[in-house]
Amino acid sequence: MDVSNCMRTKLVLAKPDCNYKSLLCKIAAPTPRQIYVVDEDNKLLGIVSALDVLKEIMPSYLSADLARSITDGTDFLQKQVEKVKNKLAKDIMITKFVFLHPQNQLLQADALIVEKGCNTLPVLDEQGKLLGEITRRDILLHLVDSCLKFNHDNIEMVDLAKH
Amino acid sequence: MFWTATTIFLVAYAVIISEKIHKTKVALFGAALTMICKVLLQHEAFHDIDLGVDWNVIFLLISMMIIINIMTKTGVFQYVAIKCAKIAKGEPFRIMTIFAVITAFGSAFLDNVTTVLLLAPVTLLIADQLEINPIPYLITEALASNIGGTATLIGDPPNIMIASKAGLDFMDFICHLTPAIIIIFIIWMFVWKMLFGKRLHVRDELKKKVMSLNENEQIKDPLLLKKSLFVLIATILGFMFHGFFHYEPATVALMGAATLLLISGEEPHAILADVEWPTIFFFIGLFIIIGGIVKVGLVADMSKAMIAITNPQPDNMTVLAMVMLWFSALCSAIVDNIPFVATMNPLLIDMIHKVYNVAPGAATAEHIQHMAMMPVWWALALGACLGGNGSPIGASANVIVVGLSEKAGHKITFMQFLKYGLPVMLMTVFLSMIYIYVRYYVLKW
């Protein structure tokens, strides 16, 4: 099966001059794992992941051990956001990324995701224009629904807050 | 053979200074060449006390690294730093002073780089909380680590090398260098008070943020902390009495490291992997290269030149001590003080033979530790260690602080470091000169 058959086409996009606070709001929206930074023609310039957004507000000196001593973490984080608020998507995005073409096999996507340890891969056409993305979850869903044809049980989500 | 050894030595040192190739690679390749060209035979390189690797230095370094690697896992340094910032009640200059004291004290017993590596993140956090520029604090800590490291035998590698070559013990350093460092440190802090005392002010609500930090969260493993402190104190006591019990410092350190490794429950693989092997092999390579130039007579020629310039007498070496102090300081500000001291040690030993007119290799402790010679050893130690403050590349602690600060978004330029470091270096070396002159030539203690 081709990547084009199971890729997602509803993505979160940003322009290179999108500021940090906008990126934060975009990444906080439901479902997106990464923001695609594109030019006017939707050509992919870079990717900003949730980790990249978090890294910007985390000072390089702050280890998890040292962070335990900060009693007012919210105040600390707000201050860090203020420090980086003028940073733009083009300052944060990674520009070296692996990608797939729509005609690539799903098996290739699976191999690439395992090999690179990434979660999501962009799908580009020959000109580098962004067409969609494919995630680990998409591949797993395809595996369960199409390839193996399992009769899976009804899966109930447990709300631990009510226990 | 003379020109082979000399070429290996000069080329190796030139490449080390240029920093084009990692110094460990250069030293090891130079050592291998020294042995393959048969300048030094393998037996001499590995087993000869005068020409080969000084295993006392190597095992002392490895053992102290093991103890420190285990101790850093406890979080005690971060605990002390946060606790002290709270004791200073968030006052910026008080914090600067206390952190300088902690760094100097820590560096006197531990590795300088480890001390600044542990304290710099806490410093950056506190500067962040106080909304002040961390650069003066970080540079102060680098300078304090180099000054503090001068105070003891185990504080800085040049001291370890000098102690091993001159047969000096831990208490010799405590009696002769610690008082000098205490005086220098106090005067330096007074100068710092005049420079920064009135300039550093923060609002009360920011001080409260420092006071709200919870230092207790830093202690990760209280049991390991107790064991580590017990072993460290026992090891320091061992150092104090190693001369009395006729143990070499490396034996004491190895006992401490092995005991802590045994009782800590830590996996030896992880602890030993964290030993700074590149530094250890740098030392091994250097010892062999230097052994080569000692054997072929280059060091003897250098010592003749030194004698011609300073005219040392068996009972008076004042000029030599003063020249040694400033020459070491200036060289150490520009190049790594380890290869410098590695070269000066055999040079001084050779010079002792000539001045006291003893056959090669026949000098005893009576000559090496002669009353007239001791100020020269102390001048070498003070110059080599304090000289490191003269530039951002003068000492490893400086390089680490500059790197950490830049990573945290506070770039320290070469000139910016020089603005703090060079005057401190000149002042501390000048004070050392007065100390040496007054103590050994006026008061004759």
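The values are calculated or read from the model by the stated rules, or taken from the named source; none is laboratory data. Since the model is a prediction, treat every value here as computed from it, not as a measurement. Reconstructed Cβ throughout: ideal geometry from the backbone, glycine too, with neighbour counts over all protein chains shown.
Before we move on, is B:T123 touching a helix residue (DSSP H, G or I) at 6+ places or on another chain (Cβ under 9 Å) and more than 14 Å from every other protein chain (Cβ to nearest Cβ)? No. Scanning the range B:89-100 for residues that are free of Cβ contacts under 8 Å to residues at least 60 places away in the same chain and surrounded by fewer than 19 Cβ atoms within 10 Å (Cβ to Cβ), we see that the one that is farthest from the other protein chains (Cβ to nearest Cβ) is B:R94. Each residue in the range B:109-126 was checked for being under 30 Å from B:F170 (Cα atoms) and assigned to a helix (DSSP H, G or I), and 10 of them qualify. Kindly evaluate B:L206 against the criterion of being within 28 Å of B:I95 (Cβ to Cβ) and either away from every other protein chain (no Cβ under 14 Å) or surrounded by 14 or more Cβ atoms within 10 Å (Cβ to Cβ) (or both). In short, yes. The condition of being under 24 Å from A:R68 (Cα atoms), in contact with a helix residue (DSSP H, G or I) (Cβ under 8 Å, 6 or more places away or on another chain) and aliphatic (A, V, I, L, M) holds for only one of B:L130, B:L143, that being B:L130. Could you check, for the range B:256-272, whether at least one of its residues is closer than 27 Å to B:I174 by Cβ and under 22 Å from the mean Cα position of the chain (by Cα)? Yes: the range B:256-272 contains one or more residues that are closer than 27 Å to B:I174 by Cβ and under 22 Å from the mean Cα position of the chain (by Cα).
How about the range B:45-59: which of its residues are modelled with pLDDT of 90 or more and either within 30 Å of B:L200 (Cβ to Cβ) or outside any loop (DSSP other than H, G, I, E, B) (or both)? Once the filter is applied, which keeps residues that are modelled with pLDDT of 90 or more and either within 30 Å of B:L200 (Cβ to Cβ) or outside any loop (DSSP other than H, G, I, E, B) (or both), the range B:45-59 yields B:A45, B:F46, B:H47, B:W55, B:I58, B:F59. Of all residues in the range A:80-111, those satisfying the criterion of being surrounded by fewer than 19 Cβ atoms within 10 Å (Cβ to Cβ) and farther than 30 Å from A:I57 by Cβ are A:H101, A:P102, A:Q103, A:N104, A:Q105, A:L107, A:Q108, A:D110, A:A111. Does A:E126 meet the test of being outside any loop (DSSP other than H, G, I, E, B) and modelled with pLDDT under 95? So A:E126 fails the test. Each residue in the range A:1-39 was checked for being exposed (fewer than 15 other Cβ atoms within 10 Å of the Cβ), among the hydroxyl-bearing types (S, T, Y) and over 15 Å from A:S49 (Cβ atoms), and 1 pass.
Taking each residue of the range A:80-94 that is without any contact (Cβ under 8 Å) to a residue 12 or more places away in the chain and looking for partners that are of a type in the set (S, T, Y) and in a helix (DSSP H, G or I) with beta-carbon atoms closer than 9 Å, six or more apart or interchain, yields A:D91/A:Y20. Give the residue that is nearest to the other protein chains (Cβ to nearest Cβ), with candidates limited to residues of the range B:212-232 that are surrounded by 12 or more Cβ atoms within 10 Å (Cβ to Cβ) and hydrophobic (A, V, I, L, M, F, W, C). Filtering the range B:212-232 for residues that are surrounded by 12 or more Cβ atoms within 10 Å (Cβ to Cβ) and hydrophobic (A, V, I, L, M, F, W, C), the one nearest to the other protein chains (Cβ to nearest Cβ) comes out as B:L213. Residues of the range B:410-419 include at least one that is among the β-branched types (V, I, T) and surrounded by 16 or more Cβ atoms within 10 Å (Cβ to Cβ).
Of the set (1) within 14 Å of chain A (Cβ to nearest Cβ); (2) part of a loop (DSSP other than H, G, I, E, B), all apply to B:Y247 but (1). Listed here are the helices (runs of 4 or more DSSP H) enclosed by the range B:366-445 that have at least 2 residues being modelled with pLDDT of 95 or more and within 23 Å of B:I183 (Cα to Cα): B:374-386, B:414-436. Scanning the range B:30-44 for residues that are more than 25 Å from the chain's Cα centre (by Cα) and either outside any helix (DSSP H, G or I) or not β-branched (V, I, T) (or both) yields B:A32, B:L33, B:M35, B:C37, B:K38, B:V39, B:L40, B:L41, B:Q42, B:H43, B:E44.
Residue-wise test of (1) part of a helix (DSSP H, G or I); (2) under 30 Å from B:N345 (Cα atoms); (3) within 14 Å of chain A (Cβ to nearest Cβ); (4) of a type in the set (K, R).
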| residue | (1), (2), (3), (4) |
| --- | --- |
| B:D128 | yes, no, yes, no |
| B:I132 | no, no, yes, no |
| B:Y137 | yes, no, yes, no |
| B:L153 | no, yes, no, no |
| B:K165 | yes, yes, no, yes |
| B:T178 | yes, yes, no, no |
| B:I184 | yes, yes, no, no |
| B:V191 | yes, no, no, no |
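The criterion of at least 1 residues that are within 14 Å of chain B (Cβ to nearest Cβ) is met, among helices (runs of 4 or more DSSP H) falling completely within the range A:1-104, by A:50-57, A:64-67, A:73-84, A:89-92. Between a first residue in the range B:45-69 that is under 12 Å from B:F287 (Cβ atoms) and a second residue that is outside any helix (DSSP H, G or I), which pairs have beta carbons less than 6 Å apart while being 6 or more apart in sequence or on different chains? The qualifying pairs are B:A45/B:G52; B:F46/B:G52; B:N56/B:E248. What are the residues in the range A:112-123 that are assigned to a helix (DSSP H, G or I) and exposed (fewer than 11 other Cβ atoms within 10 Å of the Cβ), if any? If the condition is that a residue be assigned to a helix (DSSP H, G or I) and exposed (fewer than 11 other Cβ atoms within 10 Å of the Cβ), then A:E115 is the only one that fits.
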